1. So what is the relative contact order for region A:341-499, in percent, with contacts set as C-alpha pairs under 8 Å and at least six apart?
2. Antiparallel versus total DSSP beta bridges in the protein assembly as shown: what percent is that, nearest 5?
3. Could you work out the relative contact order of region A:22-94, using alpha carbon pairs under 8 angstrom and six or more residues apart, expressed as a whole percent?
4. Using protein chains only (no ligands, no nucleic acids) and a 1.4 Å probe, work out which residues of region A:49-74 have their accessible area cut by at least 50 Å² relative to the chain alone.
5. Taking a point 7 Å out from Cα toward Cβ as the label site, list the nm distances between B:Gln494 and the same residue in every other copy, smallest first.
6. Using a ≥ b ≥ c from the Cα gyration tensor of region A:171-260 (square roots of the eigenvalues), is it rounded, prolate or oblate, where a/c under 1.5 gives rounded and otherwise the larger of a/b and b/c decides, a/b for prolate?
7. Nearest 10 degrees is fine. How inclined is helix B:207-218 to the longest principal axis of chain B, computing both from alpha carbons?
8. Could you give each residue of region B:259-266 its phi-based ³J(HN,Hα) in whole Hz, using Karplus coefficients 6.51, -1.76, 1.60 with θ = phi - 60°, and x for Gly or Pro?
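The values are calculated or read from the model by the stated rules, or taken from the named source; none is laboratory data. The model shown is predicted, which means the values in this text are computed figures rather than measured ones. All Cβ positions, glycine included, derive from the backbone under ideal geometry; neighbour counts span all protein chains shown. The protein model used for the area step is the full one, side chains on, heavy atoms only, and it has no ligands, DNA or RNA in it. Shrake-Rupley method; radii C 1.70, N 1.55, O 1.52, S 1.80 Å.
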2 protein chains.
Amino acid sequence: MRRISTCFLPPIKLEPDGGSPVYLQLADWFRHAIVEGRLRPGQRMPSTRTLARELSLSRMPIQSAYEQLHTEGYFETFHGAGTCVAKAIPDDSLRPGPTPTWSARPAASKHKGPRRISRRAAVLRKQSPTWLMNLGAFRVGLPALEDFPVASWARLMKRHLRRPPGDSMAYGYSMGYLPFREAIAEYLGVARGVRCDASQILVTSGSQEGLTLCAQVLLDSGDRVWMEEPGYPGAHQSLTAVGARLVPVPVDEEGLNVGEGIRRSPTARAAYVTPSHQFPLGVTLSAPRRMSLLNWAVRRGAWIIEDDNDSEYRFGVPPIASLQGLDSDSRVVYVGTFSKLMFPAMRLGYLVLPKDLVAPFGEVRTAGDAFSSTLYQLVMNDFIREGHLARHIRKMRGLYRERRATLVETIHRYLGDRLEVVGDEAGLQLTALLPPGVRDLELTRRATRRGISVRPLSACYQRAPDRGGVILGYGNVATDAIREGVLKLRATLQELGCL
Amino acid sequence: MRRISTCFLPPIKLEPDGGSPVYLQLADWFRHAIVEGRLRPGQRMPSTRTLARELSLSRMPIQSAYEQLHTEGYFETFHGAGTCVAKAIPDDSLRPGPTPTWSARPAASKHKGPRRISRRAAVLRKQSPTWLMNLGAFRVGLPALEDFPVASWARLMKRHLRRPPGDSMAYGYSMGYLPFREAIAEYLGVARGVRCDASQILVTSGSQEGLTLCAQVLLDSGDRVWMEEPGYPGAHQSLTAVGARLVPVPVDEEGLNVGEGIRRSPTARAAYVTPSHQFPLGVTLSAPRRMSLLNWAVRRGAWIIEDDNDSEYRFGVPPIASLQGLDSDSRVVYVGTFSKLMFPAMRLGYLVLPKDLVAPFGEVRTAGDAFSSTLYQLVMNDFIREGHLARHIRKMRGLYRERRATLVETIHRYLGDRLEVVGDEAGLQLTALLPPGVRDLELTRRATRRGISVRPLSACYQRAPDRGGVILGYGNVATDAIREGVLKLRATLQELGCL
C-alpha cells in the first residue's frame, strides 16, 4: 500500500492566552494524536514553514515542538520526505481504543444487543445475499467485459478530459444531461418500440436506482404490489424498502399470470413485470396477457413498473417491443440500464416516465442523491451518437448466442437430463431446474467453494418453490470456461448425491 | 444535434404462417413506426443484409419491402448513409399521439386532476426550489472550477483507461473500493480528527446520498429529529422523505442550542448538525455544546448526523476537529463529500459509520443504488495518495480566503451597513442579513433576473424567520466578478426600495 505522500493540515487547536506555552501545546497535540492512532507510523507531517503559515504563528514555537517530538522519538526525519511520524513509536503507549475526554457511561458503550435502526433497514438485513460477491463462471448479469471496445471508449473519454472545465464539473440536472436524454429517447424508439421524448427520460445511476425511485414515488408503506413469482430479488429489495407488501403472482410459459394477479389482489397499487425477458425464467409476456395487464392498470388506476434490462439480446426468436409502447394511458414506468450493454461499473441507467410523473420523480431524485456523474453521460452520449453502441450490441448478440448454445449443449452432454433448461433464447443467463428434492441454496454454497458463482432459483421466490434451480450467467464466460464450469457444477451435484 | 449514425435493430415481429406475405408485414411495420413517430425523419435504417441476418430471413422480402417504402416516399437513400427515413414524410399522416391498439377507455386517458403518487413524493413537491439552476455569481456550494488541476486529474484518469478491463468494469462493492476507503480513513484521521478505520467508510455518490442513507437506516416514519434552525435544505429533504418529523432547534453564536433541543424534544431519535461550520450561519459548535450534545445522545440512545462538507476551508480561525472524534459511544454518523474539495459532477462522498451500523448501511445502499461508479474511486484514490488533494486544498484555502475578504470588503463598500455579514471566517459561502422587512424570496427572484444566483436565507428555515437574508457563494467567483455581482445585488435592493 502506497502511503499518502503529501500531508494534510491537522486540526490543531491552540489556546493562545490560557495555560502552557504554545510549543508545549503543539507537542502535546501531536503526541496525543500519535498515541491515539490518528497519526500513523511513517505518515508525513507538514513542514514547520507550512504549519506556521496555516496556523498564523511564527516558526519558532513549531520548530521547538518538532525538536521536542524528535527527542522523544515520536518524529523522525527521512531524506526526501521531511518530518514523519516515527515508524517505531517509543514505549508501549499506543492505546487501541479511543480516549474519552469526558465521563461517558461505560455501560452504554458496550452495546449489549443490537441498537435500534429503522424497520426498513431491519427488513433488508434479512435478505442479504452472500453469493453475489463470487466472480467465477456463471456470475449472473455480467456482460462480456473482455470484448468491450475499450479503445473507442477511452478515446471518447479523453476527448472530454481535454476540454476546458465548466458546466460539466458543476452541479448537473437531476433529470440528466439533455443531449444524452435525447439520444436515449431516440435509441429506445427504434430498438425497443418505446414511445417517449427526451423530457420523459430520467438518467439514473443504474436500474437498481431506477427501481428504488419507482418504489419511492409510486408507493406508500402498506401498498400492495404484484410481484412476479419467481422474480428479480433486486426488485424485492427496492419495493420492500419503502414498506410495500409484495403479492406473489405466478409466472407460467406466457409470463405473469394476470388473471391470477387480479384474483389475488385486484386493487394493488402497482405491478412489477419483466415482459420482454422474464427474470429468472426467461419467458416472454404474451400479447393477450400484455393487454389484460394494461387494461387492469387503466381500470384500477394502477402503475406498471416495466423492467427491461437485457432484452436487446434475443437469439433466433423475434424481437419483442416494449410494453410501454402499447400503453395509451401512461400507466407504465419503463426501467432501463446500460449495465448489460456496456459494463456495470459505469453506473448509468434511465427511467422513461409518464409526463405527469416527471416532476415528482425529479424531486425525489434530487432529495435522494441529486444527479448522476456528468462525465459518463457526456461520453455515453457520444458512444450512442457515433454508432459504437449499435455496433457493440450487434457484435455481442452473436457472441452471446454462441455462448448460450455452448452452455446448453454442455449441460446436455455432462448433466444429461438431470437439469432442465427453461426459457426463451434470450438474455445473458439461463435457468436450469434441479431434480426434485435437491436444495439449491445448499448447492450454491458448495458450488461457491469450487469457485463457480451460480444463483439459487429459490432466492427469487417469496414462498418456497416446489422445485429448486440454478441461474447461470454466460455473458462473461468464455467458451472453454463454460465446460470447466459445468464440470464443477457436475462435481457439486455428485457431492450432493444427486448424479 | 448530431444524428445517431449507426442504426439499431428495430423490434419487428413477423408472423411467418399467418396473414400477409412477409414483405408486406415488414413494410407495414416500418410505415406504422414512421407514422407514429418511433422512427424519425432522417434516421438511418439497417441495411437489407443486416436486417436479413438479424431476422434470419432471406434478403428478398426485405428488399421488396424497402423498395415499396421508397416508392411510397417513406424511405430515402443518401450517399454514404444508406437507407434513411425520408426527411419529408408523404401526406399528413404523422399523428401526434399514440395509436391505441385496443379499446382503452378514453375518459381514463385524460387524467383530470393529478394522479396518486406516494405521500413522500407529494411532500417533496412542496419544497422544490427554483433558484438552484442559475449559474451566475454567488452560486452556493460551487468550488473554484477554473482552478481545479485538470491536467493532473486527466493524467490519472488516462492511467486507468489504459489498463486492461477486469474487476474495475464489473459489479463493485456497495461499501466502495477498499484502497480508496483506506485513503479516506487516513485523510480523515489527519485532517479532520475522525477516528475510524477503512471498514467504517461507505463510499457514496455525494453527501446528499449520504444524508439519504442516514435517514433510511436510522429513522422510521414519525420519528423526531432535531434540525438546525436555520439549516441545510438538502437535509430537510432527505429527512422528510422518510417521514421524519423535524424539530427546529435554534442556532446561536455557539451553534445548535442543545439545551433548547432537549426542552423541545428530549426523546428525539436523532440530531442533524453541522458542527464545524454551520450551514447557513457559519458559526462553530462550541466545546461545551459538543459535550452536552454527545451526552444527550448517549443518555437517550439517539443518533447524531454530523454533516461536515466544507470545513477544510477555515481562514484565520483555528481548525476544528470533528465531533465524531470526541464520540466514545459510536453515536455519530459522519457525512462527508468530495464535491467541495474536487468538483460536484464527480459525485463521490462518504459516510463514517459506527461499526455496528456498517452492515445495515451496506444493505440499504445495495437495495438503493448498488454501488458508486468504480473509475472515479480508482482515480480519486490515486489523487489522494499521490498528494494532489492536499496540495489542491492548501492552494484553494488561500484563494478562498482572498475571495471571501474581497466579498466582505465589497459588500461593505457598496452596501454600507444595509447588509450584516454573519459567521466565522470559513467555508465557501457567507450569509448576509437583510434590513428588517425585506423579503428575501422576492429579492432572490429579482436577482436571478439580473443574472446572479443568491439563495434566500428563509428557505433554510422551517418557521418564517424574523429577518431575511441572502447566502452568497464565493468559491467559484473570480475577484472582478465579485464586484460586478455585488453591484447587481445593490441594483436589486434599490429596485425593492430598500437602499
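1. Here the relative contact order equals 21 percent.
2. Within the protein assembly as shown, antiparallel bridges account for around 60 percent of the total.
3. 40 percent.
4. A:Glu54
5. So the distances to the same position in the other copies read 9.1 nm.
6. Values: a/c = 2.82, a/b = 1.52, b/c = 1.86.
In terms of gyration-tensor shape, oblate.
7. 80 degrees
8. For region B:259-266, the Karplus curve yields x, 5, x, 5, 5, 6, 7, x Hz.
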